[in-house]
Amino acid sequence: MNRVGRKLVLGSAIWALGQAAPVLAQGAADNFPTRPITLVVNLSPGASVDIETRLYGIKLSEGLRSQVLVDFKPGGGGMLGAAYIAKANPDGHTLLSTSSGYTTAAALYPSLPFDPINDLAPISLMSRVAYPLLVHPSVPARNLKEYLAFAKANPGAINFGTSGQAGLPHVLGEWLHSSTGTKVTFIHYKGGAPAFAAVLSGEVNVAFGGFAAMIGHIRSGKVRAIGVSTAERSRMIPDTPSIAEQGVPGYDVGAWLGFMAPAKTPVAIINKLSGEFAKVTRDADVRKKIEGDGGSLIGSTPEQFRQLVSAEIVRWKKLGQEVGIQLND
């Protein structure tokens with residue numbers, strides 16, 4: 001065979017492989033899953049991320065007709081679990097269940113063992129919810145103005161509980177106090193559940209909570225809600241003004257939960273999972289539970305979720321530099 005003939009044959013073979021690749025990928029998606037799926041939560045058990053993940057896992061199991069397991073790998077502001085998923089087998093059977101703390105930690109930790117944008121593939125943003133700012137009844141404040149006045153009169157005396165350094169509650173607290181010229185002492189716990197327990201017991205004076213875990217305590221008076229983190233009020237406590245309404249302009253952040261996969265997971269599998277998660281957000285039982293806890297269901301596309309993650313990392317890096325957030329080793 002002459003040189004021209006060999007080039008034609010080689011070119012045809014390359015073209016055929018290119019045509020076959022999407023078919024093979026789609027075939028893998030058609031057969032997916034082939035074993036149980038594990039949803040790895042990168043935070044400690046007991047908080048709202050845990051509650052939501054288990055709920056979504058049950059419905060995902062029904063939709064895919066496959067067992068769905070929930071595992072926990074907390075630590076490093078959620079980055080240990082995220083790094084684990086970044087290195088996992090990219091076949092769609094091991095996924096990350098993460099929250100808005102993913103972007104705060106990714107932005108603020110000086111070094112990470114993975115690339116938070118390029119080493120993970122967003123699948124779907126599932127839900128968003130406001131965080132109430134909660135004070136123990138021993139704090140003489142029924143609104144944000146009174147709370148800030150108390151903080152100014154007692155610099156550093158207020159203990160502010162968080163779910164861990166670089167997590168969203170920590171960043172929200174840093175933002176609030178730096179923008180109002182007040183000083184508190186941050187007490188970092190290993191997850192939302194122990195932080196919530198601390199503010200309920202009076203071990204700390206204030207914390208950002210989650211409605212799923214704290215609404216009953218708000219209504220019983222065990223803690224007092226004096227603001228919410230989003231610009232709009234929450235339907236859970238409609239008489240409580242937002243922090244922005246109470247004199248902190250631009251203060252507008254909602255906690256979210258979403259799912260990611262290792263970056264090299266086939267696009268066809270990512271799209272299949274995204275479609276299944278979207279179905280979960282339309283499920284009547286799920287909607288009743290999440291909306292009953294103050295959340296809004298979303299069910300985004302992978303690209304929409306990717307854009308949110310990228311934009312938030314930029315936002316929190318900028319805030320961290322402006323506020324001067326210091327992380328302990």
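Odds and ends about this structure:
- Take Met236: with every protein chain present and a 1.4 Å probe, its accessible area is about 20 Å².
- In the chain, taking the dipole from charged Cβ atoms about the Cα centre, the farthest positive-side position among Ile58, Pro110, Leu43 is held by Ile58.
- Sorting 237-246, 173-182, 65-74 by average packing, meaning the other beta carbons within 10 Å per residue, from highest down gives 173-182, 237-246, 65-74.
- Dipole of the chain computed with +1 at Lys/Arg Cβ and -1 at Asp/Glu Cβ about the Cα centre; of Val204, Pro262, Val314, farthest Cα towards the positive end is Pro262.
- Electrostatic dipole magnitude of the stretch 236-329 [Cβ: Lys, Arg +1; Asp, Glu -1; Cα centre; debye, to 20]: 500 debye
- Peptide ranges 93-103, 128-138 listed from the most packed, as the mean C-beta count within 10 angstrom indicates: 93-103, 128-138
- Across the chain, the relative contact order, built from alpha-carbon pairs under 8 Å that are at least six residues apart, equals 25 percent.
- Residue separation of Gln326 and Asn143 scaled by 0.36 nm, minus their Cα-Cα distance, works out to 63.1 nm of gained length.
- Across the options Val323, Val286, Ala149, the greatest Cα extent toward the positive end of the charge dipole of the chain (unit charges at beta carbon of Lys, Arg, Asp, Glu) belongs to Val286.
- Pairwise Cα inverse-distance average, inverted: Kirkwood Rh of the stretch 276-329 (Å): 13.8 Å
- Size-normalised alpha-carbon gyration radius of the chain, reference 2.2 N^0.38 Å: 1.13
- In the stretch 234-317, trypsin sites (Lys or Arg not before Pro) in a DSSP loop with at most 13 other beta-carbon atoms within 10 Å: Arg235, Lys264, Arg282
- Against the chain, whose longest principal axis comes from its Cα atoms, helix 3-31 is set at around 50 degrees.
- Given R0 = 41 Å, the distance between the Cβ atoms of Asp252 and Ser111 translates into a calculated FRET efficiency of 0.85.
- Of Arg54, Arg142, Arg224, the residue with the largest accessible area leads and the full order is Arg142, Arg54, Arg224 (1.4 Å probe).
- For the stretch 173-329, the alpha carbon positions stretch 50, 38, 30 Å along the principal axes, listed from largest to smallest.
- Residue-by-residue Karplus 3J(HN,Hα) for the stretch 177-194, coefficients 6.51, -1.76, 1.60, Hz, glycine and proline x: 7, 5, 6, 10, x, 10, 10, 10, 9, 7, 10, 9, 10, 8, x, x, 4, x
- Computed log₁₀ I(q)/I(0) - Debye formula, equal Cα scatterers, no solvent, the stretch 91-193, q 0.15, 0.17, 0.18 Å⁻¹: -0.74, -0.89, -0.96
- Using the Cβ-Cβ distance between Asn271 and Arg65 with R0 set to 25 Å, the FRET efficiency from 1/(1 + (r/R0)^6) comes to roughly 0.85.
The values are calculated or read from the model by the stated rules, or taken from the named source; none is laboratory data. A quick note: this is a predicted structure, and the numbers were derived from the prediction, not measured. A quick note on method: Cβ atoms are made from the backbone with ideal geometry, for glycine too, and the neighbour counts reach across all protein chains shown. For accessibility, only protein heavy atoms count, side chains too; no ligands or nucleic acids. Shrake-Rupley method; radii C 1.70, N 1.55, O 1.52, S 1.80 Å.
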